[in-house]
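Peer 1: Dropping a structure here in structure tokens format, bear with me for questions.
What follows draws every value from the coordinates through simple rules; no lab data is involved. Remember, predicted model here, so these are calculated numbers, not experimental data. Neighbour counts run over all protein chains shown; Cβ positions are idealised from the backbone, glycine included.
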Amino acid sequence: MNKKLHLIYIGSFFVVGIAILILLAINGYQYYSTPIEERFFDPSHTTLKPSGTWGHGFGIIGTLMMIFGVAIYMIRKRAKSLIRLGYLKHWLEFHIFLCTVGPILVLYHTSFKFGGIVSVSFWSMVLVVLSGVVGRFIYIQIPRTVQGREIDMKDLASMREDLAEKLKTEMMFDVRLLNELNYLASIDRYNSLSFLDVILFGSKDFFRIRGFYSRLNKNLAIAGFSKVIRKEIKNKAQAEIILSRRIGRLRTMQSLFKYWHIAHLPFAIAMFVIMIIHVIVTLTFGYKWIF
């Protein structure tokens, strides 16, 4: 999948997700904003209540989306026979889409009314989604190949050394900028960072790095480099800084990712177990939707 096609792929998920959210909000605003004790008298109650045609359907479709989203990603990740069936990161993006829209539909299925054991499942679902957002952040910090395989420390160090040598020969025109690049690309700056330190450090560094790129571009223009060469050197400098940051944060992020799995999995299991109990009880009492 090329870059343009990938943008369309991601964009379609975003558009569909936002469209569903807007349609649900517009269609049910009057009903969901009505006090719970007065909803019985609302004309939309028979369709939007949890056991109603639409409300019940939201729950079924949302649940199936989550189950399908988890299942296909786990199968693709673990089945060696499917390794050629698309890149793992694209499957992860599909998993995130299904497991984001699914909980939204389940939220509307509850009609924003939580109680009993089902509330445990709902809040477990919320924690799964929130921890999934954190997990996604950690995941993208770990360097990977296009196929989604983690790149080890040795490969990263080799890539950075090659890039640094090429860049230094092109930046000898200004020693101060070269020294600043060496500082910004120093791996020692990222030693023993906690998760909070990684976030704060990255935010604090953002403006300094942006300032460096601006000064670099200005000095390259004064030195008489063409626009094409300036862009190439700037891209190489950016790539070295990113690589150095990834090398410095690699062990921290790998460790955090292991802990994240420990936290994410119990919430997911609790959610699905209670969800299954809820479905069994619903079927027992004869709520079979449109069937």
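Peer 1: Could you tell me what a quarter of the Cα convex hull surface of the range 1-122 works out to, in nm² with one decimal place? Can you show the working numbers first?
Peer 2: On the way: hull surface 35.8 nm².
The directionally averaged projection comes out at 9.0 nm².
Peer 1: Please report, to two decimal places, log10 I(q)/I(0) for the range 1-43 at q = 0.18, 0.20, 0.23, 0.31 Å⁻¹ as given by the Debye formula with identical point scatterers on the Cα atoms and no solvent.
Peer 2: The Debye formula, applied to the Cα set alone, gives -0.62, -0.67, -0.76, -0.96.
Peer 1: Ranked from highest to lowest mean number of other Cβ atoms within 10 Å per residue, what is the order of the peptides 36-46, 206-216? Spell out each step's value before the answer.
Peer 2: On the way: 36-46: 11.8, 206-216: 13.4.
Listed from highest to lowest mean packing, they are 206-216, 36-46.
Peer 1: Can you pull the one-decimal nm distance between simple spin-label points at GLU38 and PHE13, each 7 Å off the Cα toward Cβ?
Peer 2: Inter-label distance under the simple model: 4.1 nm.
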